[in-house]
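Read the figures in this text as sums done on the coordinates, not as results from a lab. Model, not experiment: these values are computed from the prediction. With ideal geometry, Cβ positions are generated from the backbone for all residues, glycine too; neighbour counts draw on all protein chains shown.
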Amino acid sequence: MAARIDHLVTSGTFSLDGGTWEVDNNVWIVGNDDEAIVIDAAHDAEAILTALGDRTLRAIICTHAHNDHIDAAPTLASRTGAMIHLHPADLPLWKQTHPDWAPEAELADGQVLTIAGTDLTVLHTPGHAPGAVCLYAPELNTVFTGDTLFQGGPGATGRSFSDYPTIVTSIRERLFALPPQTVVRTGHGASTSIEAEAARQGEWRP
């Protein structure tokens with residue numbers, strides 16, 4: 001059976017630079033009836049396990065290491081045996097949340113992850129965080145962008161480890177090079193498309 005995309009919203013908090021905010025996160029599950037990967041294990045491991053059902057979890061992919069995207073990852077890994085994948089540039093952020101647990105696998109630009117016969121290509125897109133990545137699945141007409149690109153523009157760059165010119169370069173050179181009809185599935189909020197966001201560039205503000 002071909003891969004499909006399941007969507008779960010979990011709620012919790014995001015903390016950085018001494019502040020804490022309540023947030024809702026998108027958790028994406030890609031796979032078939034037998035196996036799956038989780039993109040961003042946010043907040044609620046039990047809810048993610050329920051959504052997985054009896055499928056085998058092959059990997060936990062972190063688009064970046066802000067705590068709201070990784071707080072449930074070690075519990076999910078412990079319960080399933082799946083390895084946590086993170087770009088090494090985000091290890092300093094990871095250690096702020098999980099100082100006693102290290103990701104078991106590194107993500108690299110151009111790396112291809114395969115689940116249920118479907119390939120997802122890792123795109124290193126720094127800016128929101130140094131090790132931020134997106135996952136492009138052409139067979140699913142989808143790119144999972146984490147907090148790099150949202151409906152309305154780039155992810156936030158006002159806190160530590162982030163940089164506005166860098167995220168703009170990442171989006172324009174890596175994401176806007178994808179086919180215009182590609183669906184953008186984000187880390188928070190509604191999905192959009194590459195075409196729609198490319199058309200909004202003139203509205204962007206740092």
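The simple spin-label model puts a point 7 Å past each Cα toward its Cβ; for Thr121 and Arg79 those points are separated by 3.4 nm. Once both labels are positioned 7 Å from their Cα atoms along Cα-to-Cβ, the gap between Val183 and Glu104 label points is 3.0 nm. Between Ala156 and His7, the simple spin-label model (points 7 angstrom out along Cα→Cβ) gives 2.2 nm. For His188, the shell of other residues with beta-carbons less than 12 Å away shows a net charge of -4, using +1 for Lys and Arg and -1 for Asp and Glu.
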